[in-house]
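Below you'll find the structure, written out as C-alpha cells, and then a few comments.
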Amino acid sequence: MKEKQILLIGDIVGYGKVALSAMIPILSYMGVRAQNLPTSIISNTLDHGIFEILDTTAYMQKTLEIWKRNGFSFDAIFTGFLLNEKQMDIISDLCKKMSLENKLIFNDPIMADWGELYNGVTDKNVAYMKEIVSISDITIPNYTEACFLTDTKINMESISKLEITKIIDKLLTSGAKNVIITSTFTENEKCIAGFDAKKNDYFFIPYDEIPVKATGTGDIFSSVTIGHIMKGENVENSARHAGRVVRSMIQKNSFNEGTMNGLTIEKFMYILDE
C-alpha cells in the first residue's frame, strides 16, 4: 500500500520538542509521511519569556510555487500556528484548492487558551481562522479557541453538555465537518468533546487531568488523531486514542523537572501501539 502523505504547516522551534518537531516523528511512526512548510522559526518555547522569531512568509510563497512546478501532491494538509494575516491568506487559498481535490483538511486553530487570545493575535486573525475552519474536515480547537471561533461568551467554570453541543453546532454550521474540542470542563468533569460525522453523533470523552503544565501536548494530540483518521478510524475513536497517548506521555515524562520544552517522545513511541 502506498504511504500516505500529509503537509504539516506550522512553526519550528529550535529548543523544544513541540510543534513540527513533535508531530513529524509521531506521524512517521504511525506510517504517515509528514512533509512540512514552516510558518516561522522560533528560538525556543515562549514559556522562557525571551525568544526570537523568524518570519518565513516569503519562503512559504516561493516554496509553494516550486512544489507546484515539481508536481508535488499530498493526501492531507494540517494547519497549525500561523504568524500573520498574509500567511492566513496564503493557507486559506491552499486549503480551498486542496478541498476541491477532496484532500483531508485538518486544522488546529492555535490562537488562544485559558480564556484569552495569545499576545499578538487580533480580531482579524480570528476572522481569518474562521475562514480556514469553515473548509476543514476536522478542526481541533481547545475550549477558548472554540468560543472565539463561534463568538461565544467564555465561561472558565463548568458548563453543561448542552452548552458545549451548541458551540460544536456553531462550528458545524460554519462549515467544519468534524469537531474535536480538546479541553472542556463539562458538568464537573474534564473531557474531550466533539462531533463525529461518520457516526452522526456527539461524543464526550472524560479524563483525569494530571496537574502538570506540559508544553506541546496539543501537538501530540493532533498528531495521534491525524494518524488514526488517516488509517481510516472514525473521529471519536481517534480522539480517544490521542487522549490516552497524551496522558501516558505525560506520566512517562515524570522524570523531567518541568516540561516547558516539550515531552520526550521518541523514547516512548511504543505507547502508540498499546
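Would you check the accessible area of residue 266, probe 1.4 Å, heavy atoms only, in square angstrom rounded to 10? The accessible area comes out at roughly 90 Å². Annotation: lysines with alpha-carbon distance below 20 angstrom to residue 199 (same-chain offsets under eight excluded): 161, 166, 170, 177, 231.
Could you name the lysines in cross-link range of residue 17, using Cα to Cα under 16 Å and dropping any fewer than eight places away on the same chain? Straight-line reach from residue 17, under 16 Å: 213, 252, 267. Counting only DSSP beta bridges with both residues in segment 1-108, the antiparallel share comes to about 15 percent.
Cα centroids of segment 110-162 and segment 204-256: 20 Å apart. Only helices enter the 222 nm calculation for the chain: every DSSP H run of n ≥ 4 contributes -39,500 (n - 2.57), and dividing by all residues gives -12500 deg cm²/dmol, rounded to 500. Basic side chains Lys and Arg get +1 at the Cβ, acidic Asp and Glu get -1 at the Cβ, and with that the dipole of segment 28-104 about its Cα centre reaches some 380 debye. Of 190, 96, the residue with the largest accessible area leads and the full order is 96, 190 (1.4 Å probe). Take the solvent-accessible surface of the protein heavy atoms, probe 1.4 Å, and return the percent of it on the chain that carbon and sulfur atoms account for. C and S fraction of accessible area: 52 percent. For segment 5-273, give me the percentage of DSSP beta bridges that are antiparallel, rounded to the nearest 5 percent. Taking every DSSP beta bridge with both residues in segment 5-273, the antiparallel ones total about 40 percent. The residues of the chain expose, per residue, 49 Å² of accessible area to a 1.4 Å probe.
The values are calculated or read from the model by the stated rules, or taken from the named source; none is laboratory data. Everything numeric in this text was worked out from a predicted model, so none of it was measured. A quick note on method: Cβ atoms are made from the backbone with ideal geometry, for glycine too, and the neighbour counts reach across all protein chains shown. Remember, those area values only see protein heavy atoms, side chains included, never the ligands or the DNA or RNA. Shrake-Rupley method; radii C 1.70, N 1.55, O 1.52, S 1.80 Å.
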